[in-house]
1. Identify the residue in region 343-378 that is in a loop (DSSP other than H, G, I, E, B), farther than 13 Å from Pro422 by Cα and open to solvent by 60 Å² or more (accessible area, probe 1.4 Å) and, among all such residues, is modelled with the lowest pLDDT.
2. I'm trying to understand the selection: among the residues of region 459-490, which are among the polar types (S, T, N, Q), part of a loop (DSSP other than H, G, I, E, B) and closer than 20 Å to Trp397 by Cα?
3. Those residues that are closer than 21 Å to Gly561 by Cα and either open to solvent by less than 30 Å² (accessible area, probe 1.4 Å) or without any contact (Cβ under 8 Å) to a residue 12 or more places away in the chain (or both), I need them from region 607-626; list them, please.
4. Any idea which of (1) at pLDDT below 90; (2) of a type outside the set (Ser, Thr, Tyr); (3) farther than 21 Å from Trp220 by Cα is the one Phe116 doesn't satisfy?
5. Condition first: surrounded by 21 or more Cβ atoms within 10 Å (Cβ to Cβ) and in a strand (DSSP E or B). Now tell me which residues in region 173-185 satisfy that.
6. Being open to solvent by 10 Å² or more (accessible area, probe 1.4 Å), more than 19 Å from Cys659 (Cα to Cα) and outside any strand (DSSP E or B), is that true of even one residue in region 580-587?
7. Residues being open to solvent by 60 Å² or more (accessible area, probe 1.4 Å) and among the hydrophobic types (A, V, I, L, M, F, W, C): count how many of those fall in region 512-544.
8. Looking only at region 95-107, which residues are open to solvent by less than 50 Å² (accessible area, probe 1.4 Å) and modelled with pLDDT of 80 or more?
Amino acid sequence: MSSSSKRFSFGEHPVVIELGSIAEHTGSPVMVHVGQSVVLATCHVPPPSFQSRAPGLVVSFVERSYARGRIPDDSHIHQTEINKVEESRSLELQSVLNDTLPDKHELRIELNILVFSRDPQVDPIVAAVIAASCALGITLPQHADPIVLARLAKINGVFCTNPSNSAIEKSQCDLWVYGSSSQTIQVRGVTNELDELELICAIEAGQRDIHKASNSIKEWILEHSPSSKGFAKTVETTLKRKVAALAKTSLMKLFQEDLKKDLSSQLSNLQKAVEIAICINEIDGSRKEIIAVYFYQCVQETLREYYLNAASSNDIHATLHTRKIKTHLFPRAHGSASYTTGDHSAIALTTLGRDRSSLNGQYTEEKNSFDVHIHNSPDDAGARYPIPNHALNAGRWVADTLRFVLPKLDIFPYVIHVDVEPVGRHSCSPDEILCTAMLSMLDAGVPLFSVVGAVEVGLICSPSQLVPLIDPDDFERASCNVVATIAGTMTGIAGINLRSKTLLTRDILQELLSNAKQARLSLIALMKECVGPPKELSEFAPRVQILKISSRKTGQLVGRGGSVVKAICQQTYSNVEVFPDGTVRVSASNDDSLQNAILAIQKTLKPLKPGQIFEGVVSGIQANGVLVNLSPGREGFLPLEQLINTHVPVREQFKIGECIRVVCQSVNHHGQGQLSVKALHPEVTRNSGY
């Protein structure tokens, strides 16, 4: 291996880093192999004189169609899904990698990540994060250790880092941990009701492997980092001190008065006062922006100081804010709920539909049977998630967290779609979205295995203190070292979405999770009280039922060219799907149609035997008798001699579509029933002399 390459193990997979030579003109190409996934990252920093665009880090994540090594079955749908993933990954990496850069710089940094090969057992994002850290490290001065991504799973009671995708499917948890040797940046994922201690052990196991991998990457970067540095840092030390001197006393007084309802407007007024005190007259835009940054930093530092002082005097209470919960808001919605915390409010509507998860003729359970969609107002200036992709990621996390409490499709064969509408000027946090979605599903009568609640907890850390904040607002959230949304049941944790500015120690995790547990249990008790006993399905929801028949009878039910099953659907106003394994999915718009369809299926499959009585329909008239439809796909023949009036022509006695009551007397070798009306009226036969 050349001196420009480095090999090390990261969890279950070997990693190879190579300084590429195939694209040297682009900047600093880095090729990373993790398993069979291969990713190329290039970092480009235009000279200051050529930087016409806004400064900052811009990440492009692209996965070519050839990366999977096959031609997709539906290229249009396949490419659409890839585009969504690429956009999500680009913004996710941009958010995480920003933590490796100086707080303020004036350059535009363009980071391009290209996936050449995708290992079906290794998500390429693991290699992409390593490649991105390497490319940034050899191009720019690193003020933070290289960031890596560890994917954690619990398999056979043991926590593993970066196992195969097939192993993760059988795991009790799926956690994504971004971090370096000196900092844990993000923890996100779902678990199957792990307790707090197990979650702590999982994060600690991931951090150990992250520490080793980050140090290995740092060694490689130091060997290849150029001597020249590209950043032009701007430091406004004097101005920052002046802003702090003017604002800090007033800020501390403002926080002590606890005027949270009017805090935003008062801070805005104070910022304007600081601007006037510094400049007297109207100031230019660029200088005004710098003052705004320093003022916001002063707000964070003062708020941290206030809470640390309040905690030392036991004058702080880490409790849940008041919740207002309502269900069954709209008469035609299958399920609906509103959830209000402070000035944040959300409305969720659950819609149940016929499951369409069959694939290639097989009845399979697909993740597409449940999703949560968050509708963000495009002109919401105060939105916590102003970028649609952030709302998309929040919806995916909520859906993944709630999926384990959903009933299986053979128990509740419905597609469940939850729409969340934020109300007011602020978008909702993931905990509010999850709780609103949960309440609306309970109102829709979805038979969930357990109630899941979620709370947001912040933690302000100092060398000697840990101060928890339940339901932090926007200002408190920015002042915390750790902010986490913890979801779970009364039994254990179901999901976590954590952002951190420090290394997560056991003390920090214990303080965070213990406060989250207390708040979560109180919240779940409140949700159960508000929802009440289990609800029945709305009258507007479709009716779906799963039947199981012998796989040998599927052909009989389908009929030649689908004639039998089509007849059942037309006659009962229903939809019937027959699968090769004997699964039959019946759906209809109301209970009557559903039951009629099930009864028609049972009649069709019931063996024809002498003595059975049917309410049939005349389907054909012949000179010597009548064809009678006994059930969809099954006909019998009623001969002339088995009619009561044998001397009257058949065409004068019956019309097509007329209902007739008959009894089966025998079954011929073709399975056709020989019918009789006369046998049902023996008294008429005796009186007529027969």
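The values are calculated or read from the model by the stated rules, or taken from the named source; none is laboratory data. For clarity, every value in this text was computed on a predicted model and none was experimentally measured. Ideal geometry is used to build each Cβ from the backbone, glycine not excepted, and the neighbour counts take in all protein chains shown. To get the accessible areas, we keep the full protein, side chains included, count just its heavy atoms, and leave off ligands, DNA and RNA. Shrake-Rupley method; radii C 1.70, N 1.55, O 1.52, S 1.80 Å.
1. Filtering first and then ranking leaves Asn360.
2. Initially, region 459-490 is screened for residues among the polar types (S, T, N, Q), giving 462, 464-465, 479, 481, 485, 489.
Imposing the further condition that a residue be part of a loop (DSSP other than H, G, I, E, B) reduces the set to 462, 464-465, 481, 489.
The answer is Thr489, and nothing else.
3. Within region 607-626, Gly620 is the sole residue that qualifies.
4. Unmet condition: (1).
5. The answer is Cys173, Leu175, Val177, Tyr178, Gly179, Thr184, Ile185.
6. Checked against the condition, which is being open to solvent by 10 Å² or more (accessible area, probe 1.4 Å), more than 19 Å from Cys659 (Cα to Cα) and outside any strand (DSSP E or B), region 580-587 yields at least one hit.
7. Going through region 512-544 one residue at a time, the tally reaches 1.
8. Our first condition is that a residue be open to solvent by less than 50 Å² (accessible area, probe 1.4 Å); within region 95-107, this holds for 95-97, 100-102, 105, 107.
Ser95, Val96, Leu97, listed by residue number.
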